Structure formats: structure tokens, C-alpha cells
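Colleague: Structure incoming, see below.
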């Protein structure tokens, strides 16, 4: 198993950011633009409706990035694929076969840390990072041989945890010396610098990348993010039966009103309206409060890098006061 330092060096990152795999939103173009501009781009295997289509996307990404590397004469950051490792996903094994055949460099596993999956990815030299929301699941991922732990903390979009990032990072670091990624309301370069200061190795950013021009999100979705603040994000299990952060406006538009937010049962939209309702249910993290634009991914990444470096310099300048 590669060391933490070896893994981080192998990623060829300009800034320590992984654009997280988002349902519907993350597709080939966003992944490619992220990698071309110095961060690690990812997408869910299930964003393509078939395993065959998923493999076509992987081949397209590989080919495009290889051509760009040849043009630039240097290695770019790798791309990654999210695999839902759960018995309810009938595509786990077929999609894993594609991953192994195409030698996907990074696999992000969710809803289960399975040693057989980790071993399959390790067989060709790939890496496995795993989503965790508490120390129990972190230990299971460590036992399965995962290379990185993605700490999903309070305020993150989607199925988020409830832990504060500061003690969570510290607690995990005491357990393990592997790669730690931190996710949860990270939207600015200053946020990235703060994550590193807390002890994380990489930042895991989702909501901020919904509002990029390459993201396959509805324009109404992007506008709602711009118009929203922390008050417009609600943590509720009333949509899927699992607690997650959702945009209040999209819930209300789908008929999930405030008096339903404490419910834990999956929302029932009726067979006739189910597909349309789910398409317009929009998840986002509390980081919406700092998102006010919809730039190209390249421009966003450049802004993040500038903000991170500025924040680091300001922190360095403060040493004169307290040293």
C-alpha cells in the first residue's frame, strides 16, 4: 500500500482539491476541465444509465486527457469514478469490471467499504477513497484497505454527516496516517487554506462546482444556489429516508412542505409524478451562502488557487503578531 506522501505526490495537483461526484451534475466535460486545470475531477458511474455507456464515458475521458498531456508535455491530475457499493445497486459488479478493464486511477466508494472492491482496484495500481461520516465507518474503511478517507461533515450537500470538521479531522488523524479529504461547505480559496490548517490533505468540493458552466445542472438549480443562503438549506430525511441537505425552494416546489421535514419516510410523489419530482429536487450544501456566480471551471479553479495562496500568506503574516 502506498504511503500518504506517495499518494499525494502521484495526484499531480495544482491545488489540493477533488471535485466530488454529483448525481446528474458531474459528467465528462466537467471531469475533463477539472483535470486540465489542475484538480481531480470525478463522476458517478450511475450518471450513465448503462454499464456500456459508463465505459464509453471512461474511454472518452481517458483519450481526451491523454491527448492533453501529450500536447502539454506533462502529467495531469487523474480522474475518478464513484461506485455505489451497496446490495441495492445491481451494477456494482458490471461497473467494477469496467473500472478494472479500463484501469480507472481513482475509485470513490460509497455506502459500503468492501475489501474485494478495494483489492480489485489495487490489482492494477488504482486508489480507493471512501466516504465516511463517523469513526465507526472510518475504521471499517481502514480495515478494508482504503487509501483515503473522505470526511463528509456538517453542512455538506447530499447525504451529509453531522460532525464538526475540526474534532473529526483530529480524531481520524489519531487513528490513521493515510490521506484525509474533508468535505462540507467548502466554497472558497480561504476555505481550502483552513482545511489544510485543520490537518486535512485534500478538500472535497461539490456544491461550488454545480455552479460551473460545464456542470449538467438545470439553470433553475444554478440560479437557486446563487439566490440562497444558509437558511435556504434544510437537513432532512423526508426526501429519501436518509438525512441529507436539500434546497428548501426545490422541496416546497415538489410539495414537501415545512411540516413534513421532520418525517423520516421517503416522500411519495405518486407514480405519475415521481420522475419529474425527483428531477427537480435539488441538493446543495451550506456553502451556497458564498456562491454568487456561474463561471467556467477553469476560471473557478484559478480563483480558488489565488484565494488559497492569499489566505496562506495572510496566515504567515499573522505569525509576526503571535510568534
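Colleague: Among the numbered conditions (1) in contact with a helix residue (DSSP H, G or I) (Cβ under 8 Å, 6 or more places away or on another chain); (2) surrounded by fewer than 17 Cβ atoms within 10 Å (Cβ to Cβ); (3) without any contact (Cβ under 8 Å) to a residue 60 or more places away in the chain, tell me where residue 14 comes up short.
Modeller: Residue 14 satisfies every listed condition except (3).
Colleague: Right, here's the next one. Looking only at the range 183-212, count every residue that is assigned to a loop (DSSP other than H, G, I, E, B), out of contact with any helix residue (DSSP H, G or I) (no Cβ under 7 Å at 6 or more places or on another chain) and surrounded by fewer than 22 Cβ atoms within 10 Å (Cβ to Cβ) and tell me the total.
Modeller: 0
Colleague: Residue 74: more than 23 Å from residue 214 (Cβ to Cβ) and either under 20 Å from the mean Cα position of the chain (by Cα) or loosely packed, with under 14 Cβ neighbours inside 10 Å (or both), yes or no?
Modeller: So residue 74 does not fit the description; no.
Colleague: Separate question: Could you list all residues from the range 101-118 that are over 20 Å from the mean Cα position of the chain (by Cα) and surrounded by 16 or more Cβ atoms within 10 Å (Cβ to Cβ)?
Modeller: Matches in the range 101-118: 102 only.
Colleague: Ok, one more. Of all residues in the range 93-115, which are touching a residue at least 24 places away in the same chain (Cβ under 8 Å) and assigned to a loop (DSSP other than H, G, I, E, B)?
Modeller: 104, 105, 111, 112, 113, 114
Colleague: I've got another one for you. Can you spot a residue in the range 58-78 that is assigned to a loop (DSSP other than H, G, I, E, B), within 22 Å of residue 25 (Cβ to Cβ) and at pLDDT below 95?
Modeller: So far as the range 58-78 goes, no, none of its residues is assigned to a loop (DSSP other than H, G, I, E, B), within 22 Å of residue 25 (Cβ to Cβ) and at pLDDT below 95.
Colleague: Filter the range 137-182 for residues that are within 27 Å of residue 311 (Cα to Cα) and in a strand (DSSP E or B) and give the result.
Modeller: 148, 149, 150, 151, 152, 179, 180, 181, 182
Colleague: Within the range 244-263, which residues are out of contact with any strand residue (DSSP E or B) (no Cβ under 6 Å at 6 or more places or on another chain) and either in contact (Cβ under 8 Å) with a residue 60 or more places away in the chain or not in a loop (DSSP other than H, G, I, E, B) (or both)?
Modeller: Within the range 244-263, 247, 249, 250, 251, 252, 253, 258, 259, 260 qualify.
Colleague: Follow-up. Restricting attention to the range 26-57, which residues are assigned to a helix (DSSP H, G or I) and farther than 17 Å from residue 96 by Cα?
Modeller: 28, 29, 30, 31, 32, 33, 34, 35, 36
Colleague: Just one of (1) in contact with a helix residue (DSSP H, G or I) (Cβ under 8 Å, 6 or more places away or on another chain); (2) part of a strand (DSSP E or B) trips up residue 215, so point out which.
Modeller: Result: residue 215 passes all but (2).
Colleague: Moving to a separate point now. Take residue 320 and decide whether it is at pLDDT below 90, more than 27 Å from the chain's Cα centre (by Cα) and not in a helix (DSSP H, G or I).
Modeller: Criteria not met by residue 320.
Colleague: Now, a different point. All but one of (1) more than 15 Å from the chain's Cα centre (by Cα); (2) crowded, with 18+ Cβ neighbours inside 10 Å; (3) within 26 Å of residue 24 (Cβ to Cβ); (4) in contact (Cβ under 8 Å) with a residue 40 or more places away in the chain hold for residue 121; state the number of the condition that does not hold.
Modeller: (4)
The values are calculated or read from the model by the stated rules, or taken from the named source; none is laboratory data. Keep in mind the model is a prediction, meaning the values are calculated, not measured. Methodologically, a virtual Cβ is constructed for each residue, glycine included, from the backbone with ideal geometry; neighbour enumeration extends over all protein chains shown.
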